[in-house]
Every structure is written in C-alpha cells, then in structure tokens.
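Shown next, in structure tokens, is the structure this report addresses.
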Amino acid sequence: MCESISDEMEQEAQTDEETIMKQISISSDAFKAGTSLLVEHTCDGEDRSPALSWNTVPAGTQSIALIVDDPDAPGKTWVHWVIYNIPANTTGLPAAVPKNNTLDDGSLQGKNDFGRIGYNGPCPPPGKPHRYFFKVYALDTTLNLKSGATRSQLEVAMSGHILAHGEMIGKYGR
C-alpha cells in the first residue's frame, strides 16, 4: 500500500512538472506585463497591434492561436483580437499586423467585438484603467476554421488541443 501511495505521489509530481513545462512566456517590446499600453496601440492613437514574442512552444505543436480581450469592459468581456493557425515555428508577431483575413504566413484572423477582422486596440470609457489579456496557445492541430471566426468559435475548436498557454496583461485607461 505504501508503494502505491508513493507511485501516486510520483505521478502527481510528474503531472505538476508537466503543467509547469506547459507554460508559454509572452512579452512585448511595446509594454511590460502589468503596465500601460502605448497610445499608438489604442483607438486614441494609430490602433496598431503591439509586437509580441513568446518562448519556444512544446514538441508536437502544429499551430498557435492568440486572443486579446478586456474583462473589464461594461457588460461583457470585450474581444480585441483573434488570430489562429499561426505557424508552429513562429516565435512572435510584429507590430502593426495587417488587418487581413489571411496573412502571408497562412495565419487567419478572426472577427473581434468591434465587428472587424484583425486587431483593434483598447478604447475604454473614461474611468478606471482596463486590463487587456494577451493569451497565446500552442495547439496540437491546425484548426479547421475559416478566417472571420469569433473567439467563441475559436475556443470550441481549440478545446482538447491546447498543449501550452501563456498570458500577459497590459492596461489602458482614459
């Protein structure tokens, strides 16, 4: 009986270790985690996406997805960017990603809550600064979605296929 408890504890430790290894570190030259996004990345500026980078994704990754949302928006979590089927060997996105359905590398962009394709930056009402979550996912498949998918459609398609994930929070207020 002691051996089975010991085996169980070892399996749990391995599971915890695997969970830790499944984290992706995400960063940006445009802002540091927990700090304010530059105006150029908001509706008050040029409304261009910030450059993002992430560390190496795990073996078996077939594609990468990114969701940017604002849980502090009035009424619901507001989606600012949905992009998926990013090639697995990609380690980031440049600033000012074009607002095209399909990018040159085959990545597909979805529809945000502004009803547009691509990135639309923070545009909160006056008051307390909002938090913007930049979430990256390593997936074990290339998703069978056309461009223009919503966050909900992307999340359904990603279900059961997430190998690793990471997030970074930026803030913006008026």
Neighbour cut-off at most 11 other Cβ (10 Å), DSSP loop, trypsin sites (Lys or Arg not before Pro), the stretch 40-111
76
Dipole magnitude of the stretch 52-127 about its Cα centre, charges +1 at Lys/Arg Cβ and -1 at Asp/Glu Cβ only, in debye to the nearest 20?
140
Treating every alpha carbon of the chain as one equal point scatterer without solvent, the Debye formula yields log10 I(q)/I(0) values at q = 0.13, 0.19 Å⁻¹ of -0.64, -1.23
Give, rounded to the nearest 20 debye, the magnitude of the charge dipole that the chain has about its Cα centre when Lys and Arg contribute +1 at Cβ and Asp and Glu contribute -1 at Cβ.
1140
Kindly flag which residue pairs out of 22/76; 76/171; 76/111; 111/171 have an alpha-carbon separation exceeding 24 Å in this structure.
22/76
Virtual paramagnetic centre 7 Å along Cα→Cβ of residue 62, amide N under 15 Å, in the stretch 156-172
157-164
What is the extension gain from residue 55 to residue 146, computed as 0.36 nm multiplied by their sequence separation minus the C-alpha to C-alpha distance, in nm to one decimal?
30.1 nm
Specify the inter-centroid distance of the stretch 20-90 and the stretch 113-169, based on alpha-carbon positions, in whole Å.
8
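Every read-out reported here was derived from the displayed coordinates using simple, explicitly stated rules and does not represent laboratory data. Keep in mind that this is a model prediction, so the values were computed, not measured. No Cβ is skipped: glycine too gets one built from the backbone with ideal geometry, and neighbour counts run over all protein chains shown.
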